[in-house]
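**Student:** Sharing a structure here in structure tokens format.
The values are calculated or read from the model by the stated rules, or taken from the named source; none is laboratory data. The structure presented is a predicted model; accordingly, all values stated were derived computationally and were not measured. Neighbour counts are summed over all protein chains in view; Cβ atoms, including those assigned to glycine, are modelled from backbone coordinates with ideal geometry. For the accessible areas, the whole protein counts, side chains as well, though only heavy atoms, and no ligand, DNA or RNA atoms are used. Shrake-Rupley method; radii C 1.70, N 1.55, O 1.52, S 1.80 Å.
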Amino acid sequence: MTTRRVLLSALPLIGVASCGEGGDAYAQAVAATWVLPPASGAAGLPVQALVQAATLAASGHNTQPWRFVSRGRELIIQPDLSRRTPVVDPDDHHLFVSLGCAAETLLLAATGRGWSGEARFLGAAEGVAVNLSPGRQAPDPLCAAIARRASTRADYDPRPVAIPSLRALAASAGPHVALSLITDRPRLDALTALIIDGDDVQVADPAFRRELAAWIRFDAAEALARRDGLFSRSSGSPALPRWLGSRMFDLAFTVKGEADKIARQMANTAGAAVFTGPSDDPAGWVAVGRAFTRFALTATALGLKLAFLNQPVEVWRFQGRGCRIHRRRNVLVSSTG
Ligand SMILES: Cc1cc2nc3c(=O)[nH]c(=O)nc-3n(C[C@H](O)[C@H](O)[C@H](O)COP(=O)(O)O)c2cc1C
């Protein structure tokens with residue numbers, strides 16, 4: 001079994017060269033991880049390379065809640081329940097979306113190496129099976145984008161996305177998940193209000209803060225040692241030792257500060273995407289993760305940056321202004337720009 005933790009965690013490259021202690025080792029590890037491994041030339045299924053690619057997929061809090069099991073030409077992506085985040089994700093919605101992200105990334109990596117196949121949801125305990133067989137090798141722009149995709153939490157460029165690119169994004173999610181692309185200012189503003197209201201609830205919740213802090217890696221040495229979680233620098237915070245970083249987090253992570261940041265990011269985004277799954281259960285959540293991954297890789301191939309703003313989904317009992325978002329809708333929110 002291989003995990004991204006063994007390889008390295010998913011952390012944006014911004015500023016890694018100046019991370020202080022562990023910085024050089026960290027930068028080297030990032031450079032070694034965020035590549036698609038070269039083809040070995042061997043005839044069989046390149047299991048190690050495909051799993052390495054799959055571990056570059058998005059996951060909630062970068063928990064990487066998966067285990068990979070290889071059985072001939074079948075790779076099974078099992079849920080790793082020891083990596084649950086029960087406060088932000090009490091019913092494992094994000095965990096199964098993350099499995100869908102890994103499954104789709106694995107499938108696309110296989111396509112780029114001349115293997116084709118399909119993913120099948122086995123059940124909440126078993127996970128997702130990906131069956132592969134030799135196909136025709138052809139360069140695939142989505143496969144090429146796997147090692148360049150990242151959640152970008154910096155401010156965006158608000159210039160509109162070109163119509164052909166919007167069409168490509170609209171088509172990317174596939175037939176099983178409904179995708180709403182929102183680009184007009186009134187609806188973006190309404191969505192911003194929903195996101196901020198959800199965020200207010202979370203930031204004021206001590207349990208949410210505790211769980212989030214446990215997944216923050218406050219400096220490069222900690223990120224390298226744990227190889228998972230959220231490196232503080234990826235959100236623009238300074239790298240600090242845990243004893244100091246956790247105190248700074250307590251002081252700086254405020255309802256107003258986070259609301260201002262979301263308002264600024266949403267004011268400058270070119271658009272937002274809302275994904276609605278076919279069912280509100282683990283199978284539907286896996287489908288959302290797969291659709292999101294195709295969307296994210298299409299955006300990356302087009303030179304667009306994106307990030308999740310999932311607060312309205314996470315605060316599931318939340319009732320918005322004139323609009324009700326609840327878990328039956330099974331949505332993910334991202335913004336592109
Ligand atoms: C289901 C799901 C929900 C997520 N929700 C959020 C979110 O609300 N806010 C956020 O900043 N990132 C969110 N993320 C992004 C993860 O933090 C990110 O994927 C992880 O840190 C790995 O980084 P990467 O996407 O750059 O590889 C979410 C990811 C997934 C899969």
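**Student:** Might you work out the accessible area of Thr298 for me, using a 1.4 Å probe with all protein chains in place, and round it to the nearest 10 Å²?
**Tutor:** About 20 Å², rounded to the nearest 10.
**Student:** Under a 5 Å amide H to amide H cut-off, with H placed in plane at 1.01 Å, what residues pair with Trp115 once short-range neighbours are removed?
**Tutor:** For Trp115, the qualifying residues are Gly135.
**Student:** Compute the FRET efficiency between Thr183 and Ala225 as 1/(1 + (r/R0)^6), taking r as their Cβ-Cβ distance and R0 = 45 Å, and round to the nearest 0.05.
**Tutor:** The calculated FRET efficiency here is 0.60.
**Student:** Another question, if that's okay. In Å², and per residue, what accessible area does the chain have when probed at 1.4 Å with the other protein chains present?
**Tutor:** Spelled out: the 1.4 Å probe surface of the chain, per residue, equals 43 Å².
**Student:** Give the range of the longest stretch in the chain that excludes all trypsin sites (Lys or Arg not before Pro) found in loop regions by DSSP and having at most 16 other beta-carbon atoms within 10 Å.
**Tutor:** 149-316
**Student:** Compute and list, largest first, the equivalent-ellipsoid semi-axes of the chain from the alpha carbon gyration tensor, each √(5λ) rounded to a whole angstrom.
**Tutor:** Gyration-tensor ellipsoid for the chain: 29, 24, 20 Å.
**Student:** Right, here's the next one. Before rounding to the nearest 500, sum -39500 (n - 2.57) across all DSSP H runs of length at least 4 in the chain and divide by the residue total; then give [θ] at 222 nm in deg cm²/dmol.
**Tutor:** The helix contribution divided over the chain gives -12500 deg cm²/dmol.
**Student:** Which helices, taking whole DSSP H runs in the chain, have alpha carbons extending 30 angstrom or more along the helix axis plus mean Kyte-Doolittle at least -1.0?
**Tutor:** Both cut-offs are met by no helix.
**Student:** To continue, here is another question. Give me Rg over Rh for segment 163-336, both radii from the alpha carbons and Rh done the Kirkwood way, two decimal places.
**Tutor:** Across segment 163-336, the Cα-based Rg/Rh ratio is 0.98.
**Student:** Please give the charge dipole size of segment 163-336, origin at the Cα centre, charges +1 on K and R Cβ atoms and -1 on D and E Cβ atoms. Round to the nearest 20 debye.
**Tutor:** Using Cβ point charges on Lys, Arg, Asp and Glu, segment 163-336 gives about 260 debye.
**Student:** Based on alpha-carbon centroids, what's the gap between segment 218-258 and segment 104-150 in Å, whole number please?
**Tutor:** Result: 33 Å between the Cα centres.
**Student:** Considering only Ala239, Ala145, Ala252, give the residue with the highest GNM mean-square fluctuation for the chain, with springs between Cα atoms whenever their separation is below 10 Å.
**Tutor:** Ala252
**Student:** For the chain, with all protein chains present and a 1.4 Å probe, just round the carbon and sulfur fraction of the accessible area to a whole percent.
**Tutor:** Heavy-atom surface of the chain belonging to carbon and sulfur, 1.4 Å probe: 57 percent.
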